[in-house]
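The values are calculated or read from the model by the stated rules, or taken from the named source; none is laboratory data. Keep in mind that this is a model prediction, so the values were computed, not measured. Virtual Cβ from ideal backbone geometry, glycine too; neighbours counted across all protein chains shown. Side chains are part of the model used for accessible areas, which takes the heavy atoms of the whole protein and leaves out ligands, DNA and RNA. Shrake-Rupley method; radii C 1.70, N 1.55, O 1.52, S 1.80 Å.
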Amino acid sequence: MASTNVVAVKALLLENVHPEAVSLLERAGLEVDQRKSALDEADLAAALAGVAVLGIRSKTQVRRAVLAGAPDLLGVGAFCIGTDQIDLAAASELGIAVFNAPYSNTRSVVELALAEIIALTRRLTEKDQAMHAGVWDKSALGAHEVRGRTLGIVGYGNIGAQLSVVSEALGMRVVFYDTADKLALGNARRCVSLEELLEISDIVTLHVDGRPSNSSFFGEKEFSRMRPGALFLNLCRGFVIDHEALRRHLLSGQLAGAAVDVFLDEPRSAGEEFASVLRGLPNVILTPHIGGSTEEAQADIGAFVGGKLADFVAEGTTALSVNLPHVALPPAAGTHRLAHLHQNVPGVMAEINSVLASHHVNVEAQLLGTRGDLGYALTDIGIDYPDSVVTRLREMDPTVRLRVLS
Ligand SMILES: NC(=O)c1ccc[n+]([C@@H]2O[C@H](COP(=O)([O-])OP(=O)(O)OC[C@H]3O[C@@H](n4cnc5c(N)ncnc54)[C@H](O)[C@@H]3O)[C@@H](O)[C@H]2O)c1
């Protein structure tokens, strides 16, 4: 009878990953080595010996050579939103699952946008600066309620749609424009074009994604199209707007204020000076890319990615993986699970099941998912089976990786 593979259960967490992830992985039985900083390529390669799970944030580069030299590595958790720092193609080829936290800071961005919409509409930045300079100015001139104002949301994805719902609760009229078909939530109304949105909105807020075609998509023409006295917010990506054009429209008074959280050249460290043509302008809120930076979001990222890694190690489930087919099957009691990652070519399932049938092994549950070049099948079988089953499955030509989980 076959014994299950001894699954390496060591986790290496770098870059001060949130303690929520540490306790979650420890509760799942993993031995966690936690380090504060990122590691360079050579140190990372050495540190990965015997490690099944790697957790990083945005600084650690996980390149092909590092992944190829880490045969025990099963999964990489990016405890952040982006995954550019990981060679995803190499991870897929080697059967290493990658997870991230795409939604954990959505609410944080929405709340910052709301705070800024109210602050700009009331001209709070100017009142605050005047008070700190000893000036008592009680004037209501230029200060408005947000109730009844029209908010134009460009990009109605996770963040845009949630901002839509919360803004309506404040009594705002919401219109949106998205290049994809999106369901309008609540009373929000879809605009047929960006131009239509710009002409009717008191406040325009950008929440588009970072696809290359969005580079500088909002510039002189779009700012000119906005209503006189309108407000502008960008909390998505720095490269989507022309900052010089925004400055001109703020200085001319055509725009009454702006809030910007993201910039083309953001300082890499705390000591580096922040340079921007928007510095020093009145009723302009500048924030250092903190839209998603809250303690709640960090804890949520820790729990979300930590949970995905723990489930992948224990049950082989790949729900919401960045690179592998998504397969989630509750484990059947009293079974062993074969987690078979393979090339997505015809006949693989027939071959797996023929190997099992020829060894008189019954399938209790089975689920297949495919994604591009890869297929991933979870098969629950009884606990009595010969070793040769595992050997035969491993030897199949399309097999990328096979794990046996008990
Ligand atoms: N400031 C921060 O700290 C922070 C934190 C999290 C996310 N973000 C950024 O916020 C943005 C939105 O995030 P999300 O999770 O809502 O993304 P998402 O992918 O869920 O939504 C983006 C939406 O924009 C639409 N879109 C793309 N290009 C468009 C265009 N030119 N015109 C109109 N619609 C367009 C897409 O169809 C999609 O519906 C991303 O760029 C993300 O990087 C910033």
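Most tightly packed first, judged by the mean number of other beta-carbon atoms within 10 Å of their residues, the peptides 25-36, 238-249 read 238-249, 25-36.
Would you work out if the chain is rounded, prolate or oblate? Take a ≥ b ≥ c from the square roots of the eigenvalues of the alpha-carbon gyration tensor; rounded if a/c is under 1.5, else prolate when a/b is larger than b/c, oblate otherwise. Could you put the intermediate results ahead of the total?
On the way: a/c = 2.80, a/b = 2.18, b/c = 1.29.
It is prolate, given that a/c is not under 1.5 and a/b is the larger ratio.
Please work out whether the stretch 72-195 counts as rounded, prolate or oblate from its C-alpha gyration tensor, where a ≥ b ≥ c are the square roots of the eigenvalues and a/c under 1.5 means rounded, while otherwise a/b larger than b/c means prolate and anything else oblate?
Numbers: a/c = 3.69, a/b = 1.77, b/c = 2.08.
It is oblate, given that a/c is not under 1.5 and a/b is not larger than b/c.
For the chain, what is the accessible area per residue in Å², given a 1.4 Å probe and the full set of protein chains?
On the way: 19110 Å² over 406 residues.
Ligands and nucleic acids excluded, the figure is 47 Å² per residue.
Percent of Cα-Cα pairs more than 19 Å apart in the stretch 318-381, please. Value for the stretch 318-381: 31 percent of Cα pairs lie more than 19 Å apart.
Accessible surface of Tyr103, taken over heavy atoms with a 1.4 Å probe and every protein chain present, rounds to 120 Å².
What is the sum of charges, Lys and Arg at +1 and Asp and Glu at -1, for the other residues whose Cβ falls under 12 Å from the Cβ of Leu12? Counting the neighbours of Leu12, the net charge comes to -3. Rounded to the nearest 10 square angstrom, His289 shows an accessible area of 90 square angstrom against a 1.4 Å probe.
Give the peptides 106-116, 140-150, 79-89 in descending order of average Cβ contacts within 10 Å, highest first. Can you show the working numbers first?
Numbers: 106-116: 21.0, 140-150: 13.0, 79-89: 18.1.
In descending order of packing, they fall as 106-116, 79-89, 140-150.
Counting Lys and Arg as +1 and Asp and Glu as -1 over every other residue whose Cβ lies under 9 Å from the Cβ of Arg107, the net charge comes to -3. With both labels modelled 7 Å from their Cα along Cα-to-Cβ, the Phe217 to Arg35 distance reads 3.9 nm.
Here the chain has 52 percent of its accessible surface on carbon and sulfur atoms, given a 1.4 Å probe and all protein chains in place. Each DSSP beta bridge with both residues in the chain is either parallel or antiparallel, and the antiparallel ones are about 35%. The label point for Glu195 and the one for Glu395, both projected 7 Å from the Cα toward the Cβ, are 6.8 nm apart.
Gap in Å between the Cα centre of the stretch 203-226 and the Cα centre of the stretch 276-345? Cα centroid of the stretch 276-345 versus Cα centroid of the stretch 203-226: 28 Å apart. Report, ordered by chain and residue number, the aspartates and glutamates lying within cross-link reach of Lys36, taken as a straight Cα distance under 18 Å and ignoring same-chain residues fewer than 8 apart. Partners within reach: Glu15, Glu20, Glu26, Glu295.
Summing Lys and Arg as +1 and Asp and Glu as -1 over all other residues whose Cβ lies under 15 Å from the Cβ of Ala314 gives a net charge of 0. The alpha carbon gyration tensor of the stretch 184-314 gives principal lengths a ≥ b ≥ c with a/c of 1.5 or higher and a/b no greater than b/c, which makes the shape oblate. Taking all protein chains together and a 1.4 Å probe, the residues Ser269, Ser23 rank Ser269, Ser23 from largest to smallest accessible area. Using just its DSSP H runs of length 4 or more, each adding -39500 (n - 2.57), the chain gives a mean residue ellipticity at 222 nm of -9000 deg cm²/dmol after division by all residues. Counting only residues at least eight positions apart within a chain, or on another chain, the lysines with an alpha carbon under 29 Å from that of Lys127 are Lys138.
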